[in-house]
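Here's the structure, in structure tokens; my notes come after.
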Amino acid sequence: ERSLTTQLLEDYCVSGRPVKDDGTTVDVKFGVTLQYIEDVDIVKQSLTGYYWLNLKWTDEYLSWDNTDGQVLKDIRLRAEDIWLPDIELYNMLKREDLRTRDTVVVTSDGSVTWIPSYRITSLCTMDTTSYPFDEQTCELKFGSWVYDGLKMNLTLTDDSMDLGTYVSNSDWDLISAAGKRNTVVYECCPEPYLDIGFDIKLRRRTPIGGLSTPSPSL
């Protein structure tokens, strides 16, 4: 494993897209696992939650031939040692990395899987007109910061966030977290620009006697 890692990373360029032909598009599959909604702040118009991002792509410089004396089907590498998709949350206020050491899994055909975990606070426009029976929809919009759709093709892994390990919030019920891939073409440029948006729909858990509860101070 040590010798294979050294061989793969010897002349590796972290800043360059992992394709041998510059005209090739890097296909990135993207999904999000929602672990927990920590806070819905009506006053600050923000949502804080715990998320796992799930990214998969092929790196043409990180493949090896298992028939040439290699018996390893996969290896682990430090995320900082290879090219990573520059996926950012456009409406992010704050992000905290929950891992002390970020790693990726690479298989012999060059497939890379990266699952970073974050505590993220994002902007969310909220309406309390129906308080305390209100529902709120907070959008999370992810996309590349520098690559257009011809350089990096971003696609959804699933049409919703993964909620299999979601832990319920005591104040808000999670209704859904649907995802959608969006394509934008600007008048100035022929290249498409891609983003993936998730709509987190929440319903406030109304306390007993909710009708007499004063509305939140804004």
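Springs join every pair of Cα atoms under 10 Å in this Gaussian network model of the chain, and among I87, I196, I75 the largest mean-square fluctuation is at I75. Between D102 and T165, the C-beta separation translates, for a Förster distance of 30 Å, into a calculated FRET efficiency of about 0.95. Couplings for segment 121-132, taken from phi via the Karplus curve 6.51 cos²θ - 1.76 cosθ + 1.60 with θ = phi - 60°, read 10, 10, 5, 8, 7, 10, 10, 9, 4, 9, 3, x Hz in order; Gly and Pro are left as x. Solvent-accessible area per residue in segment 105-176 equals 48 Å², computed with a 1.4 angstrom probe and all protein chains kept.
Over the chain, dividing the summed -39,500 (n - 2.57) contributions of all DSSP H runs of at least 4 residues by the number of residues returns a 222 nm mean residue ellipticity of -1000 deg cm²/dmol.
Within segment 134-192, which GluC sites (Glu not before Pro) sit in a loop by DSSP and count at most 13 neighbouring Cβ atoms inside 10 Å?
On the way: sites: E135, E139, E187; in loops: E187.
Within segment 134-192, the qualifying GluC sites (Glu not before Pro) (loop, at most 13 other Cβ atoms within 10 Å) are E187.
Rolling a 1.4 angstrom probe over the protein heavy atoms with all chains in place gives segment 1-91 an accessible area of 55 Å² per residue. Relative to its Kirkwood radius, the Cα radius of gyration of the chain gives an Rg/Rh of 1.07. For the options D39, D65, D159, a Gaussian network treatment of the chain with springs between C-alpha atoms closer than 10 Å singles out D65 as fluctuating the most.
How much of the accessible area of the chain, probe 1.4 Å, is carbon plus sulfur, in whole percent? Answer for the chain: carbon and sulfur cover 48 percent of the accessible area. The chymotrypsin sites (Phe, Trp or Tyr not before Pro) of segment 81-165 meeting both criteria, a DSSP state outside H, G, I, E and B (loop) and at most 16 other C-beta atoms within 10 angstrom of the site's C-beta, are Y90, F133, W145. Loop-located trypsin sites (Lys or Arg not before Pro) in segment 1-100 (DSSP state other than H, G, I, E, B) with a sparse environment of at most 15 neighbouring Cβ atoms within 10 Å: K20, K44, K73, R99.
The values are calculated or read from the model by the stated rules, or taken from the named source; none is laboratory data. Source: prediction; values computed, not measured. Please note: Cβ atoms are built from the backbone with ideal geometry, for glycine as well, and neighbour counts cover all protein chains shown. Note: accessible area is taken over every heavy atom of the protein model, side chains too, but ligands, DNA and RNA are not part of it. Shrake-Rupley method; radii C 1.70, N 1.55, O 1.52, S 1.80 Å.
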